[in-house]
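**Q** There's a structure below that I have some questions on.
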Amino acid sequence: MNEFDLISKYFSWPLSDTSVVLGVGDDGAICDVESGYQLVTSIDTLIAGVHFPKSTSAADIAHKALAVNLSDMAAMGALPKHFTLALTLPEVDQSWLEDFSQSLQQLSTQSGVSLIGGDTTKGPLSIAISIVGWVESGKALRRSGAQIGDGVYVSNTIGDAAFSLWQLNNNDAPDSGCLVKLNRPMPQVELGRSLQGIASACIDISDGLKQDLCHILKASKVSARIEVEKIPLAKVLTDHVNKKNDWSLVLNGGDDYELCFTVPVKNQTMLSGISKRCGVKITQVGVICESGDLEIVGAKNIGRSYQHF
Ligand SMILES: [Mg+2]
């Protein structure tokens, strides 16, 4: 099977998005942009053995490769619209491609985002997705807007994916809820959109709560005090933390793809409505304060954050 047959068989499904003028199949894609909107773009690469265990199924890999990109759109408060895919494969395995393609199509349809082009090549398995979203002009969420006195919030529970990976690495029977968070994270796109004009800064948690919050603090030139007892945890993770007295999975565990954001006091009353409408739990874990080191109250054994290099 040559590259062109592979693309037409597995990566060119019909699109209903009218903003796509020309999709897969030419040298480039052509898309309309609605007036009053700005484009937001982002790219994320997943490499076998680095970003997912080599035993991960094709369907889980496809889901995650797109989900992590959708999560970056969520962090910006953007509406995901289009994506391109660069797929590097060690060999053409048709049943793997079938599963990968089906799962990618499923999440893209569910999220209203269209595959408009890509590239395939031979080499060690890696998946790079570049995504484009739309945001109302001037309304994008950034890392740089946090102010002293703002509350620090997170969505849902933290550390589930890292706990699941820890279980896999320790040959523990995996907790099914945490395993779903590891393999099939659901990016908080609706929440991100709802936080436009409400949150003062936002980031998605890909490398761990501590490190990602620090990105907000650095960009905003402020600090924060968070209390570990306030961080929302799944029951299994609470048990793990209590047993081991170890907060490292909670504070440094990556792959949650939840949002961490800051909200000025005057906007905080709107959060319960947003939480209900989006079906997402929102929890305050701390407060923004003057510059200095991030203060983490109540934790022993914090450990090190994920490092890319
Ligand atoms: Mg991100």
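**Q** Is it the case, given these coordinates, that residue 258 is over 23 Å from the mean Cα position of the chain (by Cα) and either surrounded by 14 or more Cβ atoms within 10 Å (Cβ to Cβ) or away from the ligand (no atom under 16 Å from the Cβ) (or both)?
**A** For residue 258, the condition - over 23 Å from the mean Cα position of the chain (by Cα) and either surrounded by 14 or more Cβ atoms within 10 Å (Cβ to Cβ) or away from the ligand (no atom under 16 Å from the Cβ) (or both) - is not met.
**Q** When segment 28-58 is examined, which residues are found to be within 16 Å of the ligand (Cβ to nearest atom) and touching a helix residue (DSSP H, G or I) at 6+ places or on another chain (Cβ under 7 Å)?
**A** Answer for segment 28-58, where residues must be within 16 Å of the ligand (Cβ to nearest atom) and touching a helix residue (DSSP H, G or I) at 6+ places or on another chain (Cβ under 7 Å): 40, 42, 44, 46.
**Q** Looking at segment 145-185, which of its residues are under 16 Å from residue 254 (Cβ atoms) and part of a loop (DSSP other than H, G, I, E, B)?
**A** Those that are under 16 Å from residue 254 (Cβ atoms) and part of a loop (DSSP other than H, G, I, E, B): 156, 157, 158, 159, 184, 185.
**Q** Report whether or not residue 101 is touching a helix residue (DSSP H, G or I) at 6+ places or on another chain (Cβ under 6 Å) and either closer than 14 Å to residue 15 by Cβ or not assigned by TED's automatic domain parsing to the domain that holds residue 39 (or both).
**A** No, not satisfied.
**Q** Report, ordered by the first and then the second residue, all pairs with beta carbons closer than 7 Å, sequence separation of six or more or different chains, a first member in segment 210-222 that is within 14 Å of the ligand (Cβ to nearest atom), and a second member that is among the hydroxyl-bearing types (Ser, Thr, Tyr).
**A** What qualifies is 211/305; 211/306; 212/206; 216/262; 219/144.
**Q** Sticking with this structure for a sec: For segment 147-168, enumerate the residues that are under 24 Å from residue 192 (Cβ atoms) and free of Cβ contacts under 8 Å to residues at least 40 places away in the same chain.
**A** Of everything in segment 147-168, just one residue is under 24 Å from residue 192 (Cβ atoms) and free of Cβ contacts under 8 Å to residues at least 40 places away in the same chain, namely 164.
**Q** Answer yes or no as to whether residue 89 is under 28 Å from residue 215 (Cβ atoms), away from the ligand (no atom under 16 Å from the Cβ) and outside the structural domain of residue 189 (by TED's automatic domain parsing).
**A** No, not satisfied.
**Q** Could you check how many residues of segment 1-60 are over 24 Å from the mean Cα position of the chain (by Cα) and among the polar types (S, T, N, Q)?
**A** The total comes to 7.
**Q** Please verify whether residue 56 is in a strand (DSSP E or B) and either in contact with a Pro (Cβ under 7 Å, 6 or more places away or on another chain) or in the same structural domain as residue 21 (by TED's automatic domain parsing) (or both), treating the condition exactly as stated.
**A** No.
**Q** Give the number of residues within segment 27-42 that are surrounded by 10 or more Cβ atoms within 10 Å (Cβ to Cβ) and either outside the structural domain of residue 83 (by TED's automatic domain parsing) or free of Cβ contacts under 8 Å to residues at least 24 places away in the same chain (or both).
**A** Within segment 27-42, residues that are surrounded by 10 or more Cβ atoms within 10 Å (Cβ to Cβ) and either outside the structural domain of residue 83 (by TED's automatic domain parsing) or free of Cβ contacts under 8 Å to residues at least 24 places away in the same chain (or both) number 2.
The values are calculated or read from the model by the stated rules, or taken from the named source; none is laboratory data. On a predicted model such as this, the values are computed, not experimentally measured, just so you know. Ideal geometry is used to build each Cβ from the backbone, glycine not excepted, and the neighbour counts take in all protein chains shown.
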